[in-house]
Number of protein chains: 2
Amino acid sequence: MSIYWSERTRNLEPYVPGEQPRDRKYIKLNTNENPYPPSPMVLDAIRKACSEDIRIYPDPDCDSLRETIARYYNLKKEQVFVGNGSDELLAFSFMAFFDPCNPILFPDITYSFYPVYASIFNINYKVVELDEEFSIPVEGFFQENGGIIIPNPNAPTGKYLDVGLIARIARKNPGSVVIIDEAYIDFGGESAVKYIGDFKNLLIIQTLSKSRSLAGLRLGYALGHEDLIQGINRVKNSFNSYTVSRLALAGAEEAFRDEDYFRETRRRIIETRERVSLSLKSMGFKVVDSKANFIFISHPGVKSPVLFKRLREKGILVRHFDKPRISDYLRVSIGSDEEMDVFLDVIGKLLV
Amino acid sequence: MSIYWSERTRNLEPYVPGEQPRDRKYIKLNTNENPYPPSPMVLDAIRKACSEDIRIYPDPDCDSLRETIARYYNLKKEQVFVGNGSDELLAFSFMAFFDPCNPILFPDITYSFYPVYASIFNINYKVVELDEEFSIPVEGFFQENGGIIIPNPNAPTGKYLDVGLIARIARKNPGSVVIIDEAYIDFGGESAVKYIGDFKNLLIIQTLSKSRSLAGLRLGYALGHEDLIQGINRVKNSFNSYTVSRLALAGAEEAFRDEDYFRETRRRIIETRERVSLSLKSMGFKVVDSKANFIFISHPGVKSPVLFKRLREKGILVRHFDKPRISDYLRVSIGSDEEMDVFLDVIGKLLV
């Protein structure tokens, strides 16, 4: 604590990301990265953009990339915003659409960054309790509110909410912005992007970090009615004119062009997830039904913090959240088949 | 205006950056970019970092780069923060150190993003009036305040405030954070970084966009007492865990290693600035004494908006600010010798 910190800063409880250790080589199943590299076309495009032109600022409006993303989703450029990772977009969206006195709604078990955004921007919130199976009761979002944010699939459970129910939530809340955080949508769920023409209050946020293997490049995007996009744009232009580097712009464009590569890596991760889930169930694990690139697991015989610690000793990083209702669980990212075979082998032995 | 915008968003008047046109080739003297490319070592380092590892998140603490910068300035890693351009650092600093009810101080003629930050974070401010020569009267900063921010050299005037006077301002304000925005310090001024050990309230913000030719990469950094750095870090970790890409981390480290290249491009820009200033004076221009990579000029015979428009028609972009006290001026970035020769030739003919 310092006398120089603002009141806002003093009251913060910052988000803690999963570790990115430098001390030794781990099997990293803790931050939901993609085990497969990005398309070679993406790396080529970045290297090409790494030229003397890097002395020049990037296009602050990111027009070319926004046009590419718009074409990909059959939208207009004015319905697309791009930023420095989807977390930045979430922060901008909290600023753009939520007011302090009007409590927003999100699930009680969810991405743990949401309450942090609420705190830093002084936004009140109420949580909607998930049921015992971690399903989202949509009726919980039919109460008065100043905004709604739901990850689909949810984090850290991986549970998917039928896209038709997203439409119901958007329809029931014509006065509030409904943000669907689709960071994990490409691993088996259906995107709500198809409803953008129907609902002026629906904002979809996606990222290149997971399904397109570009966590290290930093690129997220938002899709929605152009009034919403303009709102985020006003905030961004009052915060940082140039949030996306020339290299990120170049790499991201190419990521939307190599569709075959995208489909193939996605397919492999889904297959691995299903196989690993079955193996874990056969070992007695409870495995929450996942449509993400991670699984949420718990074992009746061994406490999760113990498993977490022992896995770490064996060189395998997973994530444990010491929070109500989920402290018995571990979140395990889906790695390559080789990595998951080691994981299954090690965790099997730890149960004995 | 949309019913979905927060009150904050509705009241914003976003910053407008200089244009980055795509329609034709211009001589770009409008956004203070460096006319020389970055060191070849920097481009090599980025290309090397553009590997399959880009699927992995960057180090959220940017430890390696912070160690490199700390060594460069003879500081500790804990006294260094890095972010996605210095504008992002300014935004984080407004959040970290300034409170709504306690007005902050900055010059009346200054970087026009400061009032925008004040607006988005709901911070009151008072301006300190520059004298007729655009000099900063330091006594203006000896009044009660909730924080101080001064660019040195100032923007868009280019005028440098003696570093000893910065120390006086820091000493007179032990209860407030004094932010010195040194985006242009490398072009002839002396950095206040040497006072960091003396003043716990002094925060220096610098960037790789200007003197290190990396505007397209997005990298800024803050130097100060570790309590201040911790404060910015709390804000960043409540906003976006991973603000700096793997490519920016790699390129930035290398930029601090190629010192010879840095000194040489800096020297060339300073030489060009002095030569161009003399030529313009001989044409009857008033040229504000600059220690930046731009000059602030005005001509008694031709109105600035007219010059701005005619230069643009001739393929030369400069910047004009339609604001009180400076609407008679143009801000002209220092380009290469060849570019500036064209500029001098064209502007000379426009005066006839």
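The values are calculated or read from the model by the stated rules, or taken from the named source; none is laboratory data. For clarity, every value in this text was computed on a predicted model and none was experimentally measured. All Cβ positions, glycine included, derive from the backbone under ideal geometry; neighbour counts span all protein chains shown. Areas reflect the complete protein model, heavy atoms only, side chains present, ligands, DNA and RNA absent. Shrake-Rupley method; radii C 1.70, N 1.55, O 1.52, S 1.80 Å.
Computed values, structure above
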item	result
At 0.890 mPa s and 25 °C, Stokes D of the stretch B:260-333 from Kirkwood alpha-carbon radius, µm² per second	187
List A:Glu259, B:Glu182, ordered by accessible area with a 1.4 Å probe, largest first	A:Glu259, B:Glu182
Pair B:Glu313, A:Glu139: separation of 7 Å Cα→Cβ label points (nm)	7.1
Pairwise label distance in nanometres, B:Glu338 with B:Asp63, each label 7 Å out on the Cα-Cβ vector	4.6
Chain A, relative contact order in percent, only Cα pairs under 8 angstrom and at least six apart counted	24
Computed P(r) (all Cα pairs; the stretch B:222-312; 5 Å bins; percent)	2, 10, 12, 12, 13, 10, 11, 13, 11, 6, 1
Gap separating the Cα centres of the stretch A:179-228 and the stretch B:305-330, nearest whole Å	41
Per-residue SASA entry for B:His320, accessible area with 1.4 Å probe, Å² rounded to 10	40
Pairwise FRET efficiency - A:Asn102 versus B:Met1, Cβ, R0 = 25 Å, nearest 0.05	0.90
For chain A, the longest site-free run once trypsin sites (Lys or Arg not before Pro) in DSSP loop states with at most 16 other Cβ atoms within 10 Å are removed	A:77-256
Fraction of alpha-carbon pairs over 23 Å apart in the stretch B:1-93 - percent	56
Hull-based mean projected area of the stretch A:40-255, where the convex hull spans the alpha carbons, in square nanometres	11.4
Positive-pole candidate from B:Pro58, B:Ile180, B:Tyr111, dipole of the stretch B:40-255, charges at beta carbon	B:Pro58
Farthest toward positive dipole pole in the protein assembly as shown [+1 Lys/Arg, -1 Asp/Glu at C-beta], among B:Pro100, A:Gly158, B:Tyr26	B:Tyr26
Gain in span if fully extended, B:Glu78 to B:Asp198, counting 0.36 nm per residue against the direct Cα distance	41.6 nm
Net dipole in debye of the stretch B:40-255 [+1 Lys, Arg Cβ; -1 Asp, Glu Cβ; about Cα centre; nearest 20]	420
Cα-based Rg / Dmax (Å) for the protein assembly as shown	26.0, 92
Cβ-derived FRET efficiency at R0 56 Å, A:Asp322 paired with B:Arg171, nearest 0.05	0.80
Accessible area (Å², per residue) of the stretch A:40-255, counting only protein heavy atoms and a probe of 1.4 Å	30
Of all accessible heavy-atom area on the protein assembly as shown, the percent that carbon and sulfur account for (1.4 Å)	47
Probe 1.4 Å, all protein chains present, accessible-area order of B:Asp322, A:Asp44, largest first	B:Asp322, A:Asp44
Buried area at the B-A interface (accessible, heavy atoms, 1.4 Å probe, summed, Å²)	7300
